[in-house]
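Participant: Handing you this structure, nothing more for now.
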């Protein structure tokens, strides 16, 4: 919309509407107007008949009625007035309709741009476009031909009639001033179809005196203060009644933590892929399940006090299953299942130390043993967990001594490295990571192990990410 058109629209709003930027002083003036009108006339049948302070015409616009509604609610809360709401439907101009009301319809502008027949050179289409614009030329040309206003002469256009009546512009101005058309709904429907007007729901109000009606605007007290009790002013004060039906202020709480949102996204991905959630409520584990069962050497630096939180009381755990405990200790000391072992003395006291788990894999190692020894023999399983783990590390603005670990375990026979890579691609593609690149990585209790990086694509940025993923544990 150009500057002149915007100025005209603003002028229209000032003529038929109201300046919506009201000060508190102005609102009080409107309250006084309503109360004095009620006192003199007994009621206000239609608030659209009111002439608000600073205005010269009745308040027929919806902007004005919204301002009046705010005043009515204020007076109604003090039981000074009662009011009923009446709904109406009116029409307002679209930007294109407002332009037509100001400058004329497309067809009228085409007619005005071409020369009369026999007077001057016919205007070619290219010249017409340069003169009044592509859209006006395209839309107006067809309607002008249809109305018999213009004709073609050679490769150009000429006027066929000396005068026209721009009924579309007249209709726009009528809708602009009254919100409707005398010609009825059929004409309004045609204008709506051409997207020149839109239907708007409005309201006005009928107002009557309330049980506490008064022309005085003294505000009632909302609180009984200690000063009022001391001075005795409470005896003559008017107190605002409690509104037990008023809505309370919504508490600023109950929102889900961002970490829990991310956790739920991971959880849904696992569930979509057919995984079952493991029980991981045991924050305290023994060194056996947290380290030994995962083939972490008892001399590994990760088991030092500088990296792991050990419990002082109780300090040791109950014994694990004897047969399994013996099998694990022998593999550590002497090897087995194709491994040479660590060939270091086995320390049973180290194995029984209690600690805050450093990874949820302590739970998965126990569960994998249960799957391998369950009645009826081993059955394939897909398991996952998302839970808290603890590391004795220095804390700062971005690091804590606890964090969440996401873990997936697939237990089956004849799994290969290709299965692992395929699973990782599917999982991280669901996260939004594309173009994954894999490379070998080392961990004492997982082999083969892969690290990867990929592109995380979101609307505002692309970030390179790198992550490690634990190898699948298969019971033997």
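The values are calculated or read from the model by the stated rules, or taken from the named source; none is laboratory data. Just so you know, these numbers come straight off a predicted model, no measurement behind them. For neighbour counting, all protein chains shown are included, and Cβ atoms are generated from backbone atoms with ideal geometry for every residue, glycine included.
Participant: Checking the condition surrounded by 12 or more Cβ atoms within 10 Å (Cβ to Cβ) and touching a residue at least 40 places away in the same chain (Cβ under 8 Å), which residue from 212, 221 passes?
Facilitator: 212
Participant: Take the conditions under 21 Å from residue 403 (Cα atoms) and more than 43 Å from the chain's Cα centre (by Cα) and apply them to residue 301. Does it pass?
Facilitator: Considered against the rule, which asks whether it is under 21 Å from residue 403 (Cα atoms) and more than 43 Å from the chain's Cα centre (by Cα), residue 301 comes out as yes.
Participant: So which residues in the stretch 313-339 are touching a strand residue (DSSP E or B) at 6+ places or on another chain (Cβ under 9 Å) and either exposed (fewer than 12 other Cβ atoms within 10 Å of the Cβ) or not in a helix (DSSP H, G or I) (or both), if there are any at all?
Facilitator: Restricting attention to the stretch 313-339, the residues satisfying the condition of being touching a strand residue (DSSP E or B) at 6+ places or on another chain (Cβ under 9 Å) are 314-318, 320, 327, 330-331.
Within the stretch 313-339, 314, 315, 316, 317, 318, 320 meet the criteria.
Participant: For the stretch 56-175, please list each of the strands (runs of 3 or more DSSP E) lying entirely inside it that holds at least 2 residues being in the same structural domain as residue 209 (by TED's automatic domain parsing) and buried (at least 21 other Cβ atoms within 10 Å of the Cβ).
Facilitator: 81-93
Participant: Would the stretch 266-275 turn up any residue that is touching a strand residue (DSSP E or B) at 6+ places or on another chain (Cβ under 7 Å), in contact (Cβ under 8 Å) with a residue 12 or more places away in the chain, in the same structural domain as residue 384 (by TED's automatic domain parsing) and loosely packed, with under 10 Cβ neighbours inside 10 Å?
Facilitator: yes
Participant: Now for a different question. Look through 292, 304 and report the one residue that is outside the structural domain of residue 369 (by TED's automatic domain parsing), under 30 Å from residue 334 (Cα atoms) and surrounded by fewer than 12 Cβ atoms within 10 Å (Cβ to Cβ).
Facilitator: Details: 292 fails: surrounded by fewer than 12 Cβ atoms within 10 Å (Cβ to Cβ).
The conditions single out 304.
Participant: If you don't mind, there's one more thing I want to ask. Please determine whether any residue of the stretch 245-255 is within 30 Å of residue 411 (Cβ to Cβ) and either within 25 Å of the chain's Cα centre (by Cα) or in the same structural domain as residue 320 (by TED's automatic domain parsing) (or both).
Facilitator: no
Participant: Looking at (1) in contact (Cβ under 8 Å) with a residue 12 or more places away in the chain; (2) in a helix (DSSP H, G or I), find the lone condition where residue 199 falls short.
Facilitator: Exception for residue 199: condition (2).
Participant: On to the next question. Which count do you get for residues in the stretch 19-55 that are more than 36 Å from the chain's Cα centre (by Cα) and part of a loop (DSSP other than H, G, I, E, B)?
Facilitator: Going residue by residue through the stretch 19-55, those that are more than 36 Å from the chain's Cα centre (by Cα) are 25-26, 28-55.
From the residues that got through so far, the ones that are part of a loop (DSSP other than H, G, I, E, B) too are 42, 45-46, 50-55.
Going through the stretch 19-55 one residue at a time, the tally reaches 9.
Participant: Going through 205, 213 one at a time, which residue ends up being in contact with a helix residue (DSSP H, G or I) (Cβ under 8 Å, 6 or more places away or on another chain), farther than 30 Å from residue 402 by Cβ and in a loop (DSSP other than H, G, I, E, B)?
Facilitator: 213
Participant: Identify the single condition in (1) crowded, with 17+ Cβ neighbours inside 10 Å; (2) modelled with pLDDT of 90 or more; (3) assigned by TED's automatic domain parsing to the domain that holds residue 75 that residue 202 does not satisfy, given that it satisfies every other one.
Facilitator: Of (1) crowded, with 17+ Cβ neighbours inside 10 Å; (2) modelled with pLDDT of 90 or more; (3) assigned by TED's automatic domain parsing to the domain that holds residue 75, only one is false for residue 202: (2).
Participant: For residue 393, work out the one condition from (1) modelled with pLDDT under 95; (2) in contact with a helix residue (DSSP H, G or I) (Cβ under 8 Å, 6 or more places away or on another chain); (3) not in a helix (DSSP H, G or I) it doesn't fulfil.
Facilitator: Among (1) modelled with pLDDT under 95; (2) in contact with a helix residue (DSSP H, G or I) (Cβ under 8 Å, 6 or more places away or on another chain); (3) not in a helix (DSSP H, G or I), the lone unmet condition for residue 393 is (2).
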